[in-house]
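A.B. asks: What follows is a structure written as structure tokens; I'll ask about it next.
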Amino acid sequence: MPDSHGFKGNKAALPAKPCAVCGRPMSWRKAWARNWEQVRYCSDACRRRRAEAPR
Ligand SMILES: [Zn+2]
């Protein structure tokens with residue numbers, strides 16, 4: 001088995017991280033390019049759910 005192909009030919013692997021509310025993996029979106037670090041929720045629904053929860 002060749003050891004040189006760690007990725008399945010996908011060189012442009014996009015970052016992903018779990019949603020802070022539902023935990024589902026969010027794939028990187030172009031719309032989030034500028035604020036990817038601050039994106040925590042996969043959708044507005046999750047954002048609202050988080051906002052409702054008291055700290
Ligand atoms: Zn979510």
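A.B. asks: So how many residues does the range 33-49 have that are more than 8 Å from the ligand (Cβ to nearest atom), more than 11 Å from the chain's Cα centre (by Cα) and open to solvent by less than 100 Å² (accessible area, probe 1.4 Å)?
C.D. replies: 3
A.B. asks: Every residue in the range 14-32 that is open to solvent by less than 60 Å² (accessible area, probe 1.4 Å) and either modelled with pLDDT under 90 or aliphatic (A, V, I, L, M) (or both), please.
C.D. replies: Selection gives 20, 21, 26.
A.B. asks: Taking only the range 21-32 into account, find how many residues are away from the ligand (no atom under 14 Å from the Cβ) and either part of a loop (DSSP other than H, G, I, E, B) or touching a residue at least 12 places away in the same chain (Cβ under 8 Å) (or both).
C.D. replies: 1
The values are calculated or read from the model by the stated rules, or taken from the named source; none is laboratory data. All of these numbers come straight from a predicted model, not from anything done at the bench. Note: ideal-geometry Cβ built from the backbone for every residue, glycine included; neighbour counts use all protein chains shown. To get the accessible areas, we keep the full protein, side chains included, count just its heavy atoms, and leave off ligands, DNA and RNA. Shrake-Rupley method; radii C 1.70, N 1.55, O 1.52, S 1.80 Å.
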